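Accompanying notes for the structure given below.
The values are calculated or read from the model by the stated rules, or taken from the named source; none is laboratory data. It should be emphasised that the depicted structure is a prediction, and the values quoted were computed from it without experimental measurement. As a convention, Cβ positions derive from the backbone with ideal geometry for all residues, glycine included, and neighbour counts pool all protein chains shown.
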Amino acid sequence: MFYSTGRFLMGIVTVGLVLVISVQIMMGFEQTRDYLRWAEGRLGIIDQPEAQQVSSVISEDSVTIKLLNSGDYPDVRVLLNNESAYYFETEYVQIPVWDGDLLILDTRGINEALWFEVIDFSPNVSSIKRGQQFRLKNEMEVIEVIVEQGNRF
């Protein structure tokens with residue numbers, strides 16, 4: 001009886017040790033750490049108590065992107081800094097931006113070529129052009145946003 005209980009406990013300890021070592025190895029990869037940061041952001045987990053005290057500031061600048069293809073594409077999204085997702089519920093999506101933001105057009109999982117066009121943006125945004133188009137098929141496109149600070153108060 002004690003032999004089988006001891007064997008059972010050793011099995012649990014062995015499995016636990018293998019899991020701990022596996023997690024430690026996985027944490028050595030940058031991709032795993034990025035995924036965990038992304039997952040924490042999606043779940044609303046905040047480790048830093050001082051971050052909860054910061055009031056939200058609304059951006060004055062924005063970029064408007066139009067999906068040129070006709071049809072319904074609910075899986076097409078625009079990621080802002082690989083966190084917030086904006087979906088094309090209509091053919092347009094307007095995204096508030098700050099200097100240095102990354103807009104990521106994400107069409108992964110869609111095997112049809114989709115066309116996007118930048119149709120409007122705030123006067124302070126200088127890194128993109130009105131009418132600029134992007135063609136994507138089951139891929140992602142990164143657009144860096146540069147906001148000129150000269151016109152600010």
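In region 119-143, which residues are in a strand (DSSP E or B) and over 15 Å from GLU60 (Cβ atoms)?
ILE119, GLN133, PHE134, ARG135, LEU136, MET140, GLU141, VAL142, ILE143, listed by residue number.
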How many residues does region 107-116 hold that are surrounded by fewer than 16 Cβ atoms within 10 Å (Cβ to Cβ) and part of a strand (DSSP E or B)? 1
Answer yes if at least one residue in region 47-60 is under 21 Å from TRP98 (Cα atoms), modelled with pLDDT of 65 or more and more than 19 Å from the chain's Cα centre (by Cα), and no otherwise. yes
